[in-house]
Amino acid sequence: MSDYEYGNRCIPHPYALVGTQADSASDASYGRVVVPGEVDVTHGAILYLESVTVSFDGFKALNDLNLSVDDGELRCIIGPNGAGKTTMMDVITGKTRPDAGTVYFGQTIDLTRLNEVAIAHAGIGRKFQKPTVFENLSVFENLELALKMDKRAWKSLFAKLNGEQRDRIDEVLATIKLSEAAHGPAGRLSHGQKQWLEIGMLLAQSPRVLLLDEPVAGMTDQETAETAELFLSLKGKHTLIVVEHDMDFINTIAHTVTVLHEGHVLAEGDMATVQNDPKVIEVYLGR
Amino acid sequence: MTERRLFSPLGWTLFAIIVVLGLTMPLLHVWVPEGHTLHVSAYMLTLVGKILCYAAVALAMDLVWGYAGILSLGHGLFFALGGYAFGMYLMREIGREGQYQSDLPDFMVFLDWKELPWYWVGTEHFLWALFLVVAVPGIVAFVFGWFAFRSRIKGVYFSIITQALTFAAMLLFFRNDTGFGGNNGFTDFKRILGFPIAAPETRAVLFALTVVYVAGILVFCRWLTQSKFGRVLAAIRDAESRTMFVGYDPLPYKLGVWTLSAVLCGIAGALYVPQVGIINPSEMSPANSIEIAIWAAIGGRGTLIGPLIGAGVVNGAKSWFTVSFPDLWLYVLGALFVVATLYLPRGIVGLVRRRG
Ligand SMILES: Nc1ncnc2c1ncn2[C@@H]1O[C@H](COP(=O)(O)OP(=O)(O)OP(=O)(O)O)[C@@H](O)[C@H]1O
Ligand SMILES: [Mg+2]
């Protein structure tokens, strides 16, 4: 079973919108209906995690995690293996339900009450640590499926791409340098190309927030540099949260860096501050 | 390149030839006198008609297994439900010509029942029976699928549950009290829409309808699998979780194709019963449903045409073996399956494509 599936067992009612204690919240704004594309960022933050805890059989993968990401920011998350970086993304995207804590998208959308599909529609897209593309579909078709459009089943029966949508796919293909490979199966791409295709699918999906789990793993230096450039160009228009182990890459793109350790934020700040933090050196950078 | 065709010109030509040949068989049965070399016997027509019904089931199986990655080991149930639904109509058409000369079907008289159970009401109407043929397998599949897919039951667990489902249904239908003739099921049909059921013309029409049905659903399934709906199914099959994060809810897609597949089986069952002349609970035996999966695997799943060929080849071989070497058949079937899984991952169709 692939990496992104192993967490499934911790979601009891996957397709249901899970009603929780937030139902009884007194603040009227909590009751707002989720309208895709309508994210209230009046207070600056687009993503807000407070005291989030996730345990697996008693082991705390996330332990009282607090994180706030501003709209349009490019946030880098680093930390040793097992620090809880992927688990944090699982919580944000609805794959794993936190045992405690709150996760808000903008001021009003409580992500712990939404399922994966609803969260995707609300505007959060994700690239997995292990690149996962639809191997038996062509590169073009992968992007077609990702493209922002009506995704209900009966609409898909008669869906046909219009000129504008084709242009958009061609544009993304050019950005991720896969125009040549567009009509071959995605399963035949190299590891780095799959990473790019997955990034391309995110671009086609055009979410407000992009979660990128180790996007440059397996890429050549050249490809890594190009990815850094791409991310920097997306910043501002989208909010990016990038998890990486490649410190050179982080150095190129980072503005604010958050260091996770044992499910908790160990340090946060600009690259220089974080790099000189003795705690960070001890658990991560100095290894 | 991106403009999709249903079939290539060659494909359409082959398709047309096969359909025309298929439609010629009943004509040869009716118009060419017995004894003539071109005469198609009633036995042959029934055998091929039966295999065509199985082919439709194999196609329906491919839709869920090949394209959506859902291996059903209970498709025999939907086939049988369609067959029973239409069988009820055929039983009512017997009228008073049964052994007991009663308005009730013979088995009910035998059980000393005085009136029809509520679920038999209206079954004397052909159109109501047709509705049941679609609705019963459809509703059973929908309800079962809704619970199974909603709880994200997948893979081998799903397959085992479908086996259990068809087994449970078989036990239920075996009981006389269930009201479907117990282990004898329905047989001794006399008429369909007033026409004698075993008359050459009736056989010919039923056969022709079956040919048209199989051809029609082949084109329909081809269209479906080439639509965006089909691509989303493939995406769910290969990486379900990923598909959700892209914004597709897998439930309506899986449930839709699952229910459709069951309905296609039900209609095949309804075409099978008047041609073969009997339906009984053994159609719901777990082994029967496994065999359906074997047809698809041997023919080449995910190709639509493959399972049609698989159903033809396996059942052709079966009818020869069960006459010549009845004891050997199960071994041969097992061997075919092992060879197909080990050496022909894409089935017979894969073999042809590789050579071609
Ligand atoms: N479904 C699960 N069941 C049990 N333990 C889990 C599960 N998911 C994650 N863990 C554990 O939680 C911890 C955090 O895992 P996570 O994948 O979030 O780490 P990470 O920071 O992404 O690490 P890496 O850099 O290696 O990707 C690890 O110890 C992991 O073994
Ligand atoms: Mg990780």
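Residues that are more than 27 Å from B:GLY22 (Cα to Cα) number at least 1 in the following helices (runs of 4 or more DSSP H) confined to segment B:266-356: B:286-299, B:329-343, B:347-355.
A quick yes/no check of all residues on (1) at pLDDT below 90; (2) buried (at least 22 other Cβ atoms within 10 Å of the Cβ):
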residue	(1), (2)
A:LEU210	no, yes
A:MET219	yes, no
A:THR224	no, no
A:LEU240	no, yes
A:HIS245	no, no
A:THR256	no, no
A:VAL259	no, yes
A:GLY269	no, no
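The helices (runs of 4 or more DSSP H) found entirely in segment B:33-128 that carry 3 or more residues being of a type outside the set (S, T, N, Q) and open to solvent by less than 10 Å² (accessible area, probe 1.4 Å) are B:42-62, B:75-93.
The one condition from (1) open to solvent by 10 Å² or more (accessible area, probe 1.4 Å); (2) under 26 Å from A:GLY236 (Cβ atoms) that A:ALA122 does not meet is (1). When B:MET170 is tested against (1) within 30 Å of B:ARG5 (Cα to Cα); (2) crowded, with 21+ Cβ neighbours inside 10 Å; (3) more than 9 Å from every other protein chain (Cβ to nearest Cβ), exactly one condition is not met: (1).
Residue under question is A:ILE199, and the condition is that it be β-branched (Val, Ile, Thr), away from ligand 1 (no atom under 16 Å from the Cβ) and either under 21 Å from B:SER241 (Cα atoms) or within 14 Å of chain B (Cβ to nearest Cβ) (or both); does it hold?
Details: β-branched (Val, Ile, Thr): yes; away from ligand 1 (no atom under 16 Å from the Cβ): yes; either under 21 Å from B:SER241 (Cα atoms) or within 14 Å of chain B (Cβ to nearest Cβ) (or both): yes.
Taking the combined requirement at face value, the residue satisfies it.
Considering (1) more than 16 Å from ligand 2 (Cβ to nearest atom); (2) surrounded by 17 or more Cβ atoms within 10 Å (Cβ to Cβ); (3) in contact (Cβ under 8 Å) with a residue 12 or more places away in the chain, the lone condition that A:GLY187 does not fulfil carries the number (2). Given the criteria under 16 Å from the mean Cα position of the chain (by Cα) and within 16 Å of ligand 2 (Cβ to nearest atom), does A:LEU240 qualify? The answer is no for A:LEU240.
Residue count for segment A:50-74 satisfying the condition of being more than 8 Å from ligand 1 (Cβ to nearest atom), of a type in the set (Gly, Ala, Ser) and open to solvent by less than 50 Å² (accessible area, probe 1.4 Å): 4. From the list B:ARG203, B:ARG231, the lone residue that is within 29 Å of B:GLY182 (Cβ to Cβ) and of a type in the set (D, E, K, R) is B:ARG203. One residue stands out among those in segment A:145-165 that are open to solvent by less than 10 Å² (accessible area, probe 1.4 Å) and not polar (S, T, N, Q): the one that is farthest from the other protein chains (Cβ to nearest Cβ), which is A:LEU147. In segment A:75-99, the residues that are open to solvent by 10 Å² or more (accessible area, probe 1.4 Å) form Cβ pairs under 7 Å with partners that are within 6 Å of ligand 1 (Cβ to nearest atom) and of a type in the set (A, V, I, L, M), at six or more places apart or across chains, as follows: A:THR87/A:ALA61. Restricted to segment B:225-253, and to residues there that are touching a residue at least 60 places away in the same chain (Cβ under 8 Å) and farther than 28 Å from A:LEU210 by Cβ, the residue that is surrounded by the fewest Cβ atoms within 10 Å (Cβ to Cβ) is B:GLN226. Filtered by the rule that a residue be more than 30 Å from B:ASP62 (Cα to Cα) and open to solvent by 30 Å² or more (accessible area, probe 1.4 Å), segment B:188-224 gives B:ASP188, B:LYS190, B:ARG191, B:LEU193, B:GLY194, B:PHE195, B:PRO196, B:ALA198, B:PRO200, B:GLU201.
Hey, could you check segment B:1-32 for residues that are away from chain A (no Cβ under 14 Å), among the polar types (S, T, N, Q) and surrounded by 10 or more Cβ atoms within 10 Å (Cβ to Cβ) and say which is nearest to B:SER319 (Cα to Cα)? Before you say what the answer is, go through the steps one by one.
Taking segment B:1-32 as the starting set, the residues that turn out to be away from chain A (no Cβ under 14 Å) are B:5-32.
Those still in the list that are among the polar types (S, T, N, Q) too: B:8, B:13, B:24.
In the following step, the residues that additionally are surrounded by 10 or more Cβ atoms within 10 Å (Cβ to Cβ) were identified as B:13, B:24.
Details: B:THR13: 29, B:THR24: 22 Å.
Here the residue is B:THR24.
The values are calculated or read from the model by the stated rules, or taken from the named source; none is laboratory data. Source: prediction; values computed, not measured. Positions of Cβ are generated from backbone atoms using ideal geometry, with glycine treated the same way; all protein chains shown enter the neighbour counts. These area figures cover heavy atoms from the full protein model, side chains too; ligands, DNA and RNA do not enter into them. Shrake-Rupley method; radii C 1.70, N 1.55, O 1.52, S 1.80 Å.
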